[in-house]
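The values are calculated or read from the model by the stated rules, or taken from the named source; none is laboratory data. Everything numeric here is computed off the predicted structure, so don't read it as measured data. Here the Cβ positions follow ideal geometry from the backbone for every residue, glycine too, while neighbour counts run over all protein chains shown.
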2 protein chains.
Amino acid sequence: MEASLLVIGDEVVSGLVKEINITLLSRILEKYGIKVRMGLCVRDHPDEIKKGLDVLMKQTELVILTGGLGPTPDDITLKTVSEYFNLSLVESPELLSSLPCKLRTQAMVPEGAEYFKNPYGTAPGFLIEKEKSRIILLPGVPSEAEAILPEILEYMGLKEEKIKVVIRTFEIPEVRILEVLSAVLSPQEIKGLSFLPGNDGVRIWIKEGDVEDIRERIYDVLEDYIYGEGDETLEKVVGRMLKERGFTLACAESCTGGLLMDLITNVPGSSEYFMGGIVSYSNESKIRELGVRRESLEKHGAVSEAVAKEMAQGVRELYGTDFGLSTTGIAGPTGGTGEKPVGLVWMGISARDETRAQRRVFKGKRRDVKEKAVYFVLNMLRKYILDLERTSG
Amino acid sequence: MEASLLVIGDEVVSGLVKEINITLLSRILEKYGIKVRMGLCVRDHPDEIKKGLDVLMKQTELVILTGGLGPTPDDITLKTVSEYFNLSLVESPELLSSLPCKLRTQAMVPEGAEYFKNPYGTAPGFLIEKEKSRIILLPGVPSEAEAILPEILEYMGLKEEKIKVVIRTFEIPEVRILEVLSAVLSPQEIKGLSFLPGNDGVRIWIKEGDVEDIRERIYDVLEDYIYGEGDETLEKVVGRMLKERGFTLACAESCTGGLLMDLITNVPGSSEYFMGGIVSYSNESKIRELGVRRESLEKHGAVSEAVAKEMAQGVRELYGTDFGLSTTGIAGPTGGTGEKPVGLVWMGISARDETRAQRRVFKGKRRDVKEKAVYFVLNMLRKYILDLERTSG
């Protein structure tokens, strides 16, 4: 089955809200075996919504609309869609009974449509069946849309299945991956791949061909760079490795300012292995909290191998953990020098027996530098744990 | 002038990458006085790209494509667009000279088109003029597209101007805003507003009417809830308030796990007022680092008013700052009880003379709870500083 998405809202095509519904809903639909053909964002004007429906109804039998179902006057989706399909709006006593008076508009349902209650807000979702077409309406708030869509798909008799193969690599650029894969895959097979570069590495998506066989050959030549598949982010993979081995972790962040620990603690259950850490944005706090030596700061500067190592070791000792990670660098946009440019980051890892640091100069804006440093240091820890086992095994 | 956007890539309509180009590029175009009519995401197949061009070329004279300009075989945008407009591809000696051999494809330019070099990657941007239409091609990596687009717009003779009025509120729900505004605005004026709710509050966008006059009346009734306009995020506003007054800040985070400090340090120059802080994910670290009393933890639990206050005070004293902020709560998805449900967060603020804490139960998923708590505690600090001045003034 194929679907198309219609995202409604002036705020979307004005850049006022981050449009993430196409991503979120496509991801859910893929899991239910539905391929998204097109995603279209339009302004919340009746003519634009109708024009969008004209385009998409020709493409796919399933059309999913999101946005403009709320209680304010700029929410016109329900009315416009009802007009488009020539359906009257009927007040649902059941919906009405669960709403305060002032939200009465939120109890209207197009005749013949099914409605699906919203666990986080007042706007329900709807399923309209009209001849061969099915139209799903979802609220525009992503967490609400994401909660309601699976319910509607299951009501339609669909089941969740996982079929997609996406391999996650780190520390190898797209062009180098392509060279390496040319040795084991045919040009036709390579054409069936998509390469998705990001601050967390390059993902390889096997879209066509004998997926299992291609995957195996990719592993043959890239295994050292592969850290996971599908939704297995670096923070999840590293978290699982720590948890399985009973290891604990603490972090000392300078230029990444808390992002490393934020990512680690986005993983549910992270409190089992993550003990905490320090964000030290000043030299004094590096000395006082982490035991960095004043001499190291004076001789090498805060952004240096010596300080990265002392931070990692200091935080490990402070928290009594198996591992300590650290970052110290120049995130920009200012503060760089010829010798220490913007983007320069030293990242440290400390274990019971040894402490190491690595240097990189990351390209991009302040946020990119922060993200690249955080993933790099997570990957340092991943490789360190793997090496431990290789040498001991 | 109006424009439409065509975002190209299977990964986009499969949910494999976060599609943010529509948001980013719309925001830039708005600043240059260009209104985006539609944004369309299609798969990277020649037929789909051509179908997308068919739809959008009818809508607007300016069409901007992004994605599929890279060096791998799934990058087919340049070839497809050249075919569509019947242009041959010519190798540019200047581009070629700046590239390694294996990236030769990145030196091709459609005949008659202008190219614009990419500061962060190898794929350039292009401007094609064809009869009345102008077509812009941009790489799909957001930071690259965002860097090249303004250059092309300026080449086209456009200038950046700021015209949009978006008012940012916090701690007042959409429906309540609507009630309050009904007293000072006509139904017609209210229809010209858009309400954009998020974890950082509700933004009110004045889209039509006498913008300055409407803005003034909105301030009359909502001033207490308004913290900024346009791009002024809470972290920027609070940062500026601290900086202007010479105040310093430290943070102690439990359930928000570093997100608060990550946001604060996303603001360039934050090292002037932000000294650092602690992420304490265990009771022991709360006691050892922050001086939280064991008795408080035992009597009230880690998620309590007493602990939130001791964390805020402890981190303020440790870093010798003017203010300390703290969060402690249950981010979920598990760990809640009847008395302390998932989403419960205590947030503390400590100043030289006093320490306070506030309790909230936030709805949503783990990430939503973290975000809502972080914005709430930033707003506590904002209000505290304002109150200081009211009482002393």
With criteria (1) in contact with a strand residue (DSSP E or B) (Cβ under 7 Å, 6 or more places away or on another chain); (2) without any contact (Cβ under 8 Å) to a residue 40 or more places away in the chain; (3) surrounded by fewer than 24 Cβ atoms within 10 Å (Cβ to Cβ), residue B:38 comes up short on (3)
If we keep only residues of the stretch B:182-195 that are hydrophobic (A, V, I, L, M, F, W, C) and either more than 21 Å from residue A:9 (Cα to Cα) or surrounded by 20 or more Cβ atoms within 10 Å (Cβ to Cβ) (or both), then the residue nearest to the other protein chains (Cβ to nearest Cβ) is B:195
Reported set for the stretch A:216-230 where residues are modelled with pLDDT of 95 or more and over 16 Å from residue A:382 (Cβ atoms) is A:216, A:217, A:218, A:219, A:220, A:221
Within the stretch A:315-344, residues in a helix (DSSP H, G or I) and within 11 Å of another protein chain (Cβ to nearest Cβ) come out as A:315, A:318, A:319
Restricted to the stretch B:123-160 and to residues being of a type in the set (Gly, Ala, Ser) and surrounded by fewer than 21 Cβ atoms within 10 Å (Cβ to Cβ), the residue modelled with the lowest pLDDT is B:143
Across the stretch A:345-361, the tally of residues that are touching a residue at least 24 places away in the same chain (Cβ under 8 Å) and either buried (at least 24 other Cβ atoms within 10 Å of the Cβ) or not in a loop (DSSP other than H, G, I, E, B) (or both) stands at 10
Going through (1) surrounded by 24 or more Cβ atoms within 10 Å (Cβ to Cβ); (2) in contact (Cβ under 8 Å) with a residue 12 or more places away in the chain; (3) within 12 Å of chain A (Cβ to nearest Cβ) one by one, residue B:202 fails only at (1)
Only one of B:56, B:16, B:95 is buried (at least 17 other Cβ atoms within 10 Å of the Cβ) and either at pLDDT 95 or above or of a type in the set (Val, Ile, Thr) (or both), namely B:56
Going through the stretch A:269-304 in order, the residues found to be away from chain B (no Cβ under 13 Å) and crowded, with 17+ Cβ neighbours inside 10 Å are A:296, A:297, A:304
In the stretch B:16-35, residues that are facing another protein chain (nearest Cβ under 7 Å), in contact with a strand residue (DSSP E or B) (Cβ under 8 Å, 6 or more places away or on another chain) and not hydroxyl-bearing (Ser, Thr, Tyr) total 5
Residue A:135 vs (1) of a type in the set (Val, Ile, Thr); (2) farther than 26 Å from residue A:237 by Cα; (3) part of a helix (DSSP H, G or I): all pass except (3)
Within the stretch A:1-15, restricting to residues that are hydrophobic (A, V, I, L, M, F, W, C) and closer than 17 Å to residue B:195 by Cα, the one that is nearest to the other protein chains (Cβ to nearest Cβ) is A:13
Going through the stretch B:90-117 in order, the residues found to be in contact with a Pro (Cβ under 6 Å, 6 or more places away or on another chain) and of a type in the set (A, V, I, L, M) are B:103
Can you find a residue in the stretch B:313-330 that is surrounded by fewer than 20 Cβ atoms within 10 Å (Cβ to Cβ) and either among the polar types (S, T, N, Q) or closer than 14 Å to residue B:259 by Cα (or both)? no
Per the filter on the stretch B:42-70, residues within 20 Å of residue B:146 (Cβ to Cβ) and either assigned to a helix (DSSP H, G or I) or within 13 Å of chain A (Cβ to nearest Cβ) (or both) are B:64, B:67, B:68, B:69, B:70
Subject >> Any chance residue B:73 is in a loop (DSSP other than H, G, I, E, B), free of Cβ contacts under 8 Å to residues at least 60 places away in the same chain and closer than 26 Å to residue B:28 by Cα >> reply: no
The residue that is nearest to residue B:386 (Cα to Cα), considering only those in the stretch B:228-268 that are crowded, with 24+ Cβ neighbours inside 10 Å and more than 12 Å from chain A (Cβ to nearest Cβ), is B:238
Out of curiosity, is residue A:22 buried (at least 17 other Cβ atoms within 10 Å of the Cβ), without any contact (Cβ under 8 Å) to a residue 24 or more places away in the chain, assigned to a helix (DSSP H, G or I) and of a type in the set (A, V, I, L, M, F, W, C)? yes
Note to self: So, residue B:164, is that one surrounded by 15 or more Cβ atoms within 10 Å (Cβ to Cβ), at pLDDT 95 or above and more than 30 Å from residue B:95 (Cβ to Cβ) or not?
What the structure shows: no
Filtering helices (runs of 4 or more DSSP H) wholly in the stretch A:148-249 for at least 2 residues that are under 24 Å from the mean Cα position of the chain (by Cα) gives A:174-182, A:211-222, A:234-245
Scanning the stretch B:156-181 residue by residue, those farther than 21 Å from residue A:10 by Cα and away from chain A (no Cβ under 11 Å) turn out to be B:156, B:157, B:158, B:159, B:170, B:171, B:172, B:180
The correct count of residues that are surrounded by 14 or more Cβ atoms within 10 Å (Cβ to Cβ) and in contact with a strand residue (DSSP E or B) (Cβ under 7 Å, 6 or more places away or on another chain) in the stretch B:98-117 is 8
From the option list A:282, A:254, single residue qualifying as among the small types (Gly, Ala, Ser) and without any contact (Cβ under 8 Å) to a residue 12 or more places away in the chain is A:282
Counting only residues that are closer than 24 Å to residue B:332 by Cβ and touching a Ser or Thr at 6+ places or on another chain (Cβ under 7 Å), the stretch B:279-295 contains a total of 4
